[in-house]
Amino acid sequence: MTVKTEIPAFTGYQKLVIALVALLQFTVILDFMIISPLGDILMSELNMKTAQFGTVVSAYAFSAGASGILAAGFADKFDRKKLLLFFYTGFLVGTLCCALATDYWTLLIARIVTGCFGGVIGSITLAIVTDLFLPNQRGRVMGFVTMAFGSSQILGVPMGIFLANHWGWHSAFLMVVALGIVLGIVLLVRLKPVDAHLKLQSERNALAHLWHTVQKRDYRIGFSTVALLSVGGFMLQPFGSAFMVNNVGIPREDLPLVFLAAGISVLVIMPVIGKLSDRFDKIKIFIGGTAVTIVMCLIYTNLSVTPLWLVITVNVIMFMGIMSRIVPSQAINTAIPDQADRGAYMAITSSMQQVAGGFAAVVAGFIVYQPAEGKPLEHYPTLGYVVSGVSLLTILLMIRLNRIAKKRESTIEPAEKA
């Protein structure tokens, strides 16, 4: 591996931005992730079949994908802070609607509303990170931001299950809303405008800017690579809790412990992976994480009734592999767009990611079948084989994207000095 010797330290304001972005991602990811551990409860209380539950999960993804495309043309036309606050407010309103849902249809509509706003937030935060941080800082930034995934399990998912078991599943969504309101106020007060990119904009209207972005070949490679990367998570996650309860024999009250252990492992490994991604070749770290993911995915999806300690061990290692892919892949992807196109590029990337994930969730809902409530899920191992095959393909695409990123990295500088 080639070591990068010059690694700039973060300024005080950059540290604040990292904290705000990580906490923002925490609430957005939690809103999506909480569907999975609540899956068994929701299918029971709202009388949903597996295909319907897969549709609920994918509804968020498809609406997020559509809104990402619509927002792409405008993403570089406004101050990123204002865009972030607008979409985050809509996201919180949608999550509140989820808490108030009374049946399958109202929950489905609420997830569509939440996805329309929440799906754009990730692309805006990535554009902000790319604007404010140098290429050889972004691995560490992505490491900290991705820690939000682990934090959402350590603090959020077990708490959400606990709240659902004691006060109903609605309370889990209300928790997200409460946290989001506090964070939104802090963002409004402390985050500075992020608008230096506005000086680089031409007179192209929104549609022309969108078309200009889509036309670039290097960008299209990035879109397809990130989209394929999202398939695995969307396929396994929706039915994870139902699989552990009905197939692996884990009591519902022990699910928080499984997610807690996985979350702690993610918190431990993410800063390490972030530093390694800035110091060494990102693609080698990605390939290593993919190899671990494939092996553990095949083991996990073929589990039968298994002791709790072994389930926790398998789950922890699998999540560490998954997270070891996300950090270097996001760091690579941030080097692809030009400064004037970052907002549009990230919006389209997010859109493609969500649409691909939504498609994967729908497919998973038709592959997996539960004969009756409380019965084991059938054909779950098939998901493991599909995810493993897709993961191998992502290695090939990511290698190609990494070559493009290395060529462009030396010319890409942050739009603003933090």
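The values are calculated or read from the model by the stated rules, or taken from the named source; none is laboratory data. Since the structure is predicted, the reported quantities are computational estimates derived from the model, not experimental observations. Cβ: placed from backbone, ideal geometry, glycine included. Neighbour counts: every protein chain shown. Ligands, DNA and RNA are stripped out before the accessible areas are found, and what is left, the full protein with its side chains, is counted by its heavy atoms. Shrake-Rupley method; radii C 1.70, N 1.55, O 1.52, S 1.80 Å.
So that you can scan it fast, the table gives a plain yes or no per residue for (1) among the hydroxyl-bearing types (Ser, Thr, Tyr); (2) out of contact with any Phe, Trp or Tyr (no Cβ under 9 Å at 6 or more places or on another chain):
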| position | (1), (2) |
| --- | --- |
| Thr50 | yes, no |
| Phe53 | no, no |
| Ala59 | no, yes |
| Phe62 | no, no |
| Ile69 | no, yes |
| Lys81 | no, yes |
| Tyr88 | yes, no |
| Ala99 | no, no |
| Ser123 | yes, no |
Take Ala372 and decide whether it is free of Cβ contacts under 8 Å to residues at least 12 places away in the same chain and surrounded by fewer than 24 Cβ atoms within 10 Å (Cβ to Cβ). yes
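Results for (1) in contact with a helix residue (DSSP H, G or I) (Cβ under 7 Å, 6 or more places away or on another chain); (2) in a helix (DSSP H, G or I); (3) farther than 30 Å from Asp40 by Cβ, shown as yes or no for each residue.
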site	(1), (2), (3)
Pro328	yes, yes, yes
Ala335	yes, no, yes
Tyr345	yes, yes, yes
Val355	yes, yes, no
Val362	yes, yes, no
Leu383	yes, yes, no
Val387	yes, yes, no
Leu396	no, yes, yes
Selected residue [under 24 Å from Ile29 (Cβ atoms), at pLDDT 80 or above and over 21 Å from the mean Cα position of the chain (by Cα)] from Ile367, Ile312: Ile312
Out of Val390, Val363, Val368, Val355, I need the residue that is farther than 19 Å from Leu126 by Cα and touching a Phe, Trp or Tyr at 6+ places or on another chain (Cβ under 8 Å). Which one? Val368
Give me a count of the residues in segment 326-356 that are out of contact with any Asp or Glu (no Cβ under 6 Å at 6 or more places or on another chain) and within 18 Å of Leu70 (Cβ to Cβ). 14
Regarding segment 67-74, can at least one residue be identified that is in a helix (DSSP H, G or I), open to solvent by 30 Å² or more (accessible area, probe 1.4 Å), at pLDDT 75 or above and in contact with a Gly (Cβ under 8 Å, 6 or more places away or on another chain)? no
Being hydrophobic (A, V, I, L, M, F, W, C), part of a loop (DSSP other than H, G, I, E, B) and either surrounded by fewer than 16 Cβ atoms within 10 Å (Cβ to Cβ) or without any contact (Cβ under 8 Å) to a residue 24 or more places away in the chain (or both) is the filter here, so list the residues in segment 301-315 that pass it. Val305
Filter segment 163-201 down to the residues that are crowded, with 16+ Cβ neighbours inside 10 Å and among the aromatic types (Phe, Trp, Tyr), then identify the one that is modelled with the highest pLDDT. Phe173
Got at least one residue in segment 101-120 being open to solvent by 30 Å² or more (accessible area, probe 1.4 Å) and of a type in the set (D, E, K, R)? yes
Does segment 239-248 contain at least one residue that is within 20 Å of the chain's Cα centre (by Cα), in contact (Cβ under 8 Å) with a residue 12 or more places away in the chain and farther than 16 Å from Leu308 by Cα? yes
